[in-house]
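Chemist: Below is the structure I would like to discuss, written out as C-alpha cells.
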Amino acid sequence: MSSRLERSPWVPWGWWAMLAAVLATGLVGHWALATGLLIVLLVHVARPFDFLVAFILVTGGASFVRGAAGQLTFELRLLTGAILLMLACYVVSIRRQALTISRNHLTWPLFLYLVLSIANALRGLLCGYSPKWIGLDLMPVLGLASALVVANAFEPRRDLRLAVVGVLAVGFANAIVTLSSNKFAPMHKVGVYDAAVPGIVGLLLVNFSLRSRTPVTALGWIALSLPLFLHQFLTYGRGLWLACLAGLAFSVLVFTGFGPRSVARWRRSSVVVGTLAVFVLMLGFFLGTQFLQVAGSRLVSITRTEYSYETASNAARLIEYSTVVGLISHSPWLGYGLGYTFLGSSLFGLRHEQSWVHENFLLVWLKQGLVGLAVFVWMLWTAVTLGVREAQRPRDYWESAWLAASAAGTVMLAVLSLSNFPLNVVNPVFLLALLWGGSIAMTREGFVRFRWFAPGTTGGTP
C-alpha cells in the first residue's frame, strides 16, 4: 500500500476574498444584499470581466444609495468605484467597438441631453456653484446616458436572459430589505428614493405574464410580481401608487391594442389584472381593514391642501412650486445651470438651501431652461414610442416583454416625476438605462463610429 501523502486541494485566495466580502455584507448589511453579492460574484467567476454583470452590479448598488441617511457622499464614492470597474469591463469586452454609438431613434435625444447637461455643468462651475451640488445633478444624467454604453455591448440572444435575472435580483433585493426592516408596516419615509425600483421590475414581470404562451407560465410571472407590488403598496406613497397604476394600465393597452384581433388579448389581460385584484383583496384580509382605510385616506387626500398629516406635503409642494416658478421667470430659456441651489421655505416659515424640486419637469426647467426641458421631454417621449412600436411587432416574447417594460417603466417614472424627482437621483436611472440600452440594441439601425484618424491611415503616420 502506498504511503504517499495526498496534498489537500488548494483554494485560491480569490475565493477566500469572495467569501469574506459576502460574510461582511451579511453581517454589516443584510442577508439579501449578501445573497445578491454572492450571485454577482459567482457569475463574475463564470463570465470574468463581463460588462453586463458589472452593469447589473452598478444598477443594484445605485438602487440602494440613501439620500437622507447622512452618508450620501460616501455611498456615491463607492458607486463611482463600481462604475469605473464597469467601464473597464466595457473596454475589455468590446475593445475596438468601445468608441461607437448604436444608431437608433432614442440615441439622438439621449446623446443631446447628455451633451447639454455637461455644458450646463461647466456653466455651473463657471458660476461658482459647489462641485458637490454639480456632481449630484450630473450623476443621474450620466446614469441615463449609460444606456448608450449598454446598447453597444448588449447582444439580445446572448444577454437578454441574464439581464432579466439580474433585474429581478435587484428588484427583489430592494423589496426584501425594505419589507423585512419595516415589518409589513406602512413605510412612507422621507428620502426613500429606491422605492420605484421594485415597481419597474414588477411591470417587467407583468409584461412577461401578458405574453406567456401558457396559463401556468403567466400565473408564475404574476406570482413573482406580487412581493414587488406589495412593497409598492406599503410605501404609502400616493405618487408612487398612481405611477404604478399608470404603468400597469399602459402595459395592458400596449399588449391588447384595439381592433378585431384584440378581443383574445383583452381576455388574457383581464385574467392578469383579475389576479392582481384578488391579491389586493387577500392583502386587505391579511393585513386588516385598518391598512386599507389608511390607504384610502391617503389616496383621496391627493388634491387637498388643508393642514393635516395627510395633506401637509401637498401644501409644502405648492409653496415650493411657487418659489421655483418665480425663479424660472427670470431665466426661462437657459435656466441657471447644474449645481444651482435656492432657499426653500417650509410650512413653518423656516428657510433652507435645496437643489431639488418635487417636480422633475420643473427641476429640469429651472436648471437647464426651456431648451433642456424640451430635450428632456423629447427623450422620454422617444423612449416610450420606441418601446410601444417595437413591442407590437412580431418578435420573441422575451424581447417584446422587455421593450414594453422599457416603455412602461418610462411612463411610470414620468408620472412619478409630476410629484417627485426620480430622474434626478441615481436609484432608478441605472435600471431604466439598462432597459433603454437593451431596447436600443434590439432595434439598432447601425453604428456611429468615432475615429482618432482618417480611415486608411494609421495614427501618427502622414
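Throughout, read-outs are computed from the coordinates displayed, never taken from laboratory work. Note that the coordinates shown come from a computational prediction; the quantities given were computed from them, not determined experimentally. Here the Cβ positions follow ideal geometry from the backbone for every residue, glycine too, while neighbour counts run over all protein chains shown.
Chemist: Per-residue counts of other Cβ atoms within 10 Å, averaged by peptide: what ranking do you get for 83-93, 388-398, highest first?
Modeler: In decreasing order of mean packing, 83-93, 388-398 become 83-93, 388-398.
Chemist: Now for a separate question. Could you check the spin-label model distance between R66 and Q97? Points 7 Å from the Cα along Cα→Cβ, value in nm.
Modeler: Calculated label separation equals 4.0 nm.
Chemist: Can you give me the distance in nm between label points at R47 and R161, each placed 7 Å from the Cα along the Cα-to-Cβ direction?
Modeler: 1.1
Chemist: Another question, if that's okay. Stokes-Einstein diffusion coefficient for the range 342-455 at 10 °C in a medium of 1.306 mPa s, Rh from the Kirkwood formula over Cα pairs: what value in µm²/s?
Modeler: On the way: Rh = 16.3 Å.
D, rounded to a whole number, is 97 µm²/s.
Chemist: A further question on this structure: What ranking, highest mean first, results for peptides 258-270, 360-372, 95-107 when packing means the other Cβ atoms within 10 Å averaged over each residue? If you can, show how the numbers build up before the last one.
Modeler: Working: 258-270: 11.6, 360-372: 22.1, 95-107: 16.4.
For the peptides 258-270, 360-372, 95-107, the packing ranking is 360-372, 95-107, 258-270.
Chemist: Determine ³J(HN,Hα), in whole Hz, for all residues of the range 242-249 in sequence, where each value follows from phi through the Karplus function 6.51 cos²θ - 1.76 cosθ + 1.60 and θ = phi - 60°; x replaces Gly and Pro.
Modeler: Taking θ as phi minus 60°, the curve returns 4, 5, 5, 5, 5, x, 5, 4 Hz for the range 242-249.
Chemist: Additional query: Which ³J(HN,Hα) values, rounded to whole Hz and listed in residue order, are derived for the range 356-370 from phi using the Karplus coefficients 6.51, -1.76 and 1.60 in 6.51 cos²θ - 1.76 cosθ + 1.60 with θ = phi - 60°, glycine and proline given as x?
Modeler: 10, 9, 7, 6, 4, 6, 5, 5, 5, 4, 4, 9, 10, x, 5
Chemist: A further question on this structure: If I stretch the segment between L418 and L125 completely, what's the gain in nm (0.36 nm per residue apart, minus their alpha carbon distance), one decimal?
Modeler: 102.6 nm is the gain from fully extending L418 to L125.
Chemist: Show me, for the range 443-448, the HN-Hα J-couplings you get by feeding each phi into the Karplus relation (A = 6.51, B = -1.76, C = 1.60, θ = phi - 60°), rounded to Hz, glycine and proline as x.
Modeler: 10, 5, 9, x, 10, 9
Chemist: Calculate the FRET efficiency for T73 and S270 from the Cβ-Cβ distance with a Förster distance of 51 Å, rounded to the nearest 0.05.
Modeler: 0.55
Chemist: Could you work out the relative contact order of the range 22-445? I mean the mean sequence separation of Cα pairs under 8 Å and 6+ apart, divided by the number of residues, in percent.
Modeler: Rounded, it is 26 percent for the range 22-445.
Chemist: Computed FRET efficiency, Cβ-Cβ of Y321 and L19, R0 56 Å: what is it to the nearest 0.05? Each step should come with its number before you reach the end.
Modeler: Numbers: r = 51 Å, r/R0 = 0.92.
After rounding, the FRET efficiency stands at 0.65.
Chemist: Moving to a separate point now. What Kirkwood radius, in Å to one decimal, follows from the Cα pairs of the range 22-445?
Modeler: Over the range 22-445, the inverse of the mean reciprocal pair distance is 22.2 Å.
Chemist: Same structure again: Enumerate the amide H contacts of Y236 below 5 Å, restricted to partners 5 or more residues apart or on another chain; note that Pro and chain-start residues carry no placed amide H.
Modeler: M187
Chemist: Right, here's the next one. What does the charge add up to near L116, with Lys and Arg as +1, Asp and Glu as -1, over the other residues with Cβ less than 12 Å from its Cβ?
Modeler: +2
Chemist: Starting from 0.36 nm per residue, how many nanometres of slack lie between V263 and L27 once their C-alpha separation is accounted for?
Modeler: Details: separation 236, 0.36 × 236 = 84.96 nm, distance 5.27 nm.
Extra length available between V263 and L27 comes to 79.7 nm.
Chemist: To the nearest 0.05, what FRET efficiency results for L343 and L112 with a Förster distance of 35 Å applied to their C-beta separation?
Modeler: 0.65
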